[in-house]
Amino acid sequence: MKRVITGNQAVAYGVILSRVDVVSAYPITPQTTIVEELSELIASGRLKTKFLKVESEHSAMAALIGASTGGVRTFTATSSHGLAYMHEMLHWASGARLPIVLVNVNRALGAPWNIWGDQSDSVSQRDTGWIQLYCENNQEVLDTILQAYLIAETVRLPVMVILDAFVLSHTAEAVEIPSIEEVDGFLPPFCANYAIDTQEPRAYSQITTPDYFLEFRYKIQKAMEQVTEVARKVDDEFKTRFGRGYGSIERYGKEEAEVLLMTSGTVTSTSRIVIKKLMEKGLSVAGVKIKRFRPFPSDEIYNAIQGAKKIAVIDRNLSAGVGGVFAQELRASLYHREERPMVYGFISGLGGRDITPELIEEAIRYTAEHDQPEGDIVWLGLKK
């Protein structure tokens, strides 16, 4: 079935098709319509899911930690300061190895107050032990929800699915919606390894001394290292069943390009058009879309950039005092490689400002024309 729906509606359909047992959420723009849609379906009896109304995002995640520990499939959604408020509980969820799926609709963090999109909220949570998957369009949003549950429940780590505020969340596109029977064939029921059982009582998340704490973190790291192969198999299976696949990255454009442009989220769609136009003008350029940010796909990126002399990275985020997070992650991942193309870090689109085709072309041409960047940050579209 194909319907014209917003990104937030695509999330809701993904949750319904995944047969989620418990939803807990607190409203915050621009994710509110996700849980509004779900709560209306639950209240009407059309969706047999438990909806927990809580007083904050911190409580929403705490409630899901309890529900997931109890052995059921769980979901929540948030944005911006809501995600920041969850921060403590995000660590508890990953530390307890709970396969919770959270949707974050990217929105800028204050001050000053802003409800429009950039990635500062999600990248600020990169060290919490959550897998992070970024989406380019509404079809990818729905499909990624379905994949996220299978990945999470295989490696026993939580997954954050991320989409841009308003550009996706409140914009309608045609989306192919699979049947519940088709999804059942792809996503089996959740079966917790150590669910709460009154007949076999256990202790959960107790104090752990230095004698054992290190090993807990070691196991989280080993689980993260499994994600690359698990996610590849999940994506391959999804493509076989539904005809769509995404990978951890995607390279497009000229095969042996000298200049590459790395992007994530919706700016990738605009970049595809710009790169095609510049290729027709004879420029040696290609694009690399990053879908999976955590764990960072270092090997996949390195294989995709072979032969390139320069890489331009457009970040829709800022780590103050350092620069764009994706650019810094790329530099770190290339540090030990024998062949390292020059990385040009661009920042634009903060607080929802449009990253236009002209700005993308400016980044590509700057990279092509300069032997090295003029500093760690090159600002695009900055008002003088």
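The values are calculated or read from the model by the stated rules, or taken from the named source; none is laboratory data. For clarity, every value in this text was computed on a predicted model and none was experimentally measured. Note that each Cβ is placed from the backbone with ideal geometry, even for glycine, and that neighbours are counted across all protein chains shown.
Brief remarks on what is shown
- Of all residues in the range 345-375, those being farther than 23 Å from ARG126 by Cβ, in a loop (DSSP other than H, G, I, E, B) and among the polar types (S, T, N, Q) number 2.
- Under the condition of being surrounded by 17 or more Cβ atoms within 10 Å (Cβ to Cβ) and either among the hydroxyl-bearing types (Ser, Thr, Tyr) or closer than 17 Å to ILE145 by Cα (or both), the residues counted in the range 40-53 number 1.
- Screening GLY351 with (1) on the phi > 0 side of the Ramachandran plot; (2) without any contact (Cβ under 8 Å) to a residue 60 or more places away in the chain gives one miss only, at (2).
- Residues of the range 293-303 satisfying the condition of being surrounded by fewer than 17 Cβ atoms within 10 Å (Cβ to Cβ) and either more than 18 Å from the chain's Cα centre (by Cα) or of a type in the set (D, E, K, R) (or both): ASP299, TYR302, ASN303
- All strands (runs of 3 or more DSSP E) inside the range 231-344 with 1 or more residues being touching a helix residue (DSSP H, G or I) at 6+ places or on another chain (Cβ under 6 Å): 249-253, 259-263, 285-290, 310-315
- Any hit, the range 193-213, residues being small (Gly, Ala, Ser) and surrounded by 19 or more Cβ atoms within 10 Å (Cβ to Cβ): no
- Residue tally, condition farther than 20 Å from PHE190 by Cβ, among the charged types (D, E, K, R) and under 26 Å from the mean Cα position of the chain (by Cα), over the range 41-72: 3
- A residue that is of a type in the set (S, T, N, Q), over 29 Å from THR198 (Cα atoms) and modelled with pLDDT of 95 or more occurs somewhere in the range 17-29.
- Pick from the range 312-339, criterion of a type in the set (A, V, I, L, M) and within 14 Å of LEU350 (Cβ to Cβ), ranking: nearest to the chain's Cα centre (by Cα): VAL325
- Any hit, the range 355-371, residues being under 20 Å from the mean Cα position of the chain (by Cα) and either at pLDDT below 95 or not assigned by TED's automatic domain parsing to the domain that holds THR128 (or both): yes
- Filter result for the condition that a residue is β-branched (Val, Ile, Thr) and farther than 19 Å from ILE290 by Cβ, over VAL105, VAL101: VAL101
- Qualifying residue in the range 30-53 (condition: in contact with a Ser or Thr (Cβ under 7 Å, 6 or more places away or on another chain), among the acidic types (Asp, Glu) and touching a residue at least 24 places away in the same chain (Cβ under 8 Å)): no
- Test for TYR85: is it touching a Ser or Thr at 6+ places or on another chain (Cβ under 8 Å), buried (at least 24 other Cβ atoms within 10 Å of the Cβ), hydroxyl-bearing (Ser, Thr, Tyr) and assigned by TED's automatic domain parsing to the domain that holds GLU173: no
- For the condition assigned to a strand (DSSP E or B) and on the phi < 0 side of the Ramachandran plot, VAL35 does not qualify.
- Residue count, the range 249-266 (criterion: surrounded by 18 or more Cβ atoms within 10 Å (Cβ to Cβ) and either within 13 Å of CYS135 (Cβ to Cβ) or touching a residue at least 60 places away in the same chain (Cβ under 8 Å) (or both)): 8
- Taken together, the residues in the range 4-29 that are of a type outside the set (Asp, Glu) and either assigned to a loop (DSSP other than H, G, I, E, B) or free of Cβ contacts under 8 Å to residues at least 24 places away in the same chain (or both) amount to 7.
- Selection count, the range 1-39, where residues are within 19 Å of the chain's Cα centre (by Cα), β-branched (Val, Ile, Thr) and closer than 15 Å to ILE145 by Cα: 5
- Any hit, the range 352-364, residues being crowded, with 19+ Cβ neighbours inside 10 Å, out of contact with any helix residue (DSSP H, G or I) (no Cβ under 7 Å at 6 or more places or on another chain), within 24 Å of GLY129 (Cβ to Cβ) and of a type in the set (A, V, I, L, M): no
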